[in-house]
Amino acid sequence: TKTKTQTGRSMLRALFESGKRAARWQVVLGRGVLRPVAAHPTPALSSPFASTGAADEITDENRENYRRRLLYRSQQRGWLELDLVMGEWASKNLEALSDDMLLEYSELLDEENPDLFKWFTGQLDAPDNMKSNFAFRKIYEEVQERMSAGNYDSMNRTGAEWVRGWNDRDKPSS
């Protein structure tokens, strides 16, 4: 007799070879049943940290939890620079924000890391929807202020090479 794992594998192999497609399939072990699972989970259940857009509502019951989620998303972006900048800003300011401002900040957190970094540092011009976002403006101003406070000699000149090659020690200095 076949084991449950072998039965599940053979069913999946047969499904794959038949060319049928589904987002996900669930094998009910011991019964020889293969059934499709919903392609897209309900937004409210998909992730406790992702914004669900229009479905987000802040109530008295979930306000503190919502703030904690935003703080977590700010501090755990995956880019150290953004973790520090956005996490520090969020820890200082989230408590004082109104519900509308929390939702607007959540929209900022939905943006991609490379875009946010380039917008904050002024490498790229931010789109209009970000320029009108209060949190973006505040963080942008803070980043620009910190960048201007540095030593001018240690800053990269616009258009200049900022990454040096592996053999710089062999090149004559200019």
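Please go through segment 121-145 and pick out each residue that is under 21 Å from Ala96 (Cβ atoms) and in a helix (DSSP H, G or I).
Phe134, Ala135, Phe136, Arg137, Lys138, Ile139, Tyr140, Glu141, Glu142, Val143, Glu145
Name the one entry in Leu108, Leu102, Leu71 that is open to solvent by 20 Å² or more (accessible area, probe 1.4 Å) and among the aliphatic types (A, V, I, L, M).
So the residue among Leu108, Leu102, Leu71 that is open to solvent by 20 Å² or more (accessible area, probe 1.4 Å) and among the aliphatic types (A, V, I, L, M) is Leu71.
I'm trying to understand the selection: among the residues of segment 97-108, which are assigned to a helix (DSSP H, G or I) and either free of Cβ contacts under 8 Å to residues at least 40 places away in the same chain or farther than 15 Å from Ala126 by Cβ (or both)?
Asp99, Asp100, Met101, Leu102, Leu103, Glu104, Tyr105, Ser106, Leu108
Taking the condition open to solvent by less than 50 Å² (accessible area, probe 1.4 Å) and free of Cβ contacts under 8 Å to residues at least 12 places away in the same chain, does Asp125 pass?
No, not satisfied.
The values are calculated or read from the model by the stated rules, or taken from the named source; none is laboratory data. Everything quoted here is computed from the prediction, not taken from an experiment. Every residue, glycine as well, gets a Cβ built from its backbone with ideal geometry; the counts of neighbours run over all protein chains shown. SASA here: full protein model, heavy atoms, side chains in, ligands and nucleic acids out. Shrake-Rupley method; radii C 1.70, N 1.55, O 1.52, S 1.80 Å.
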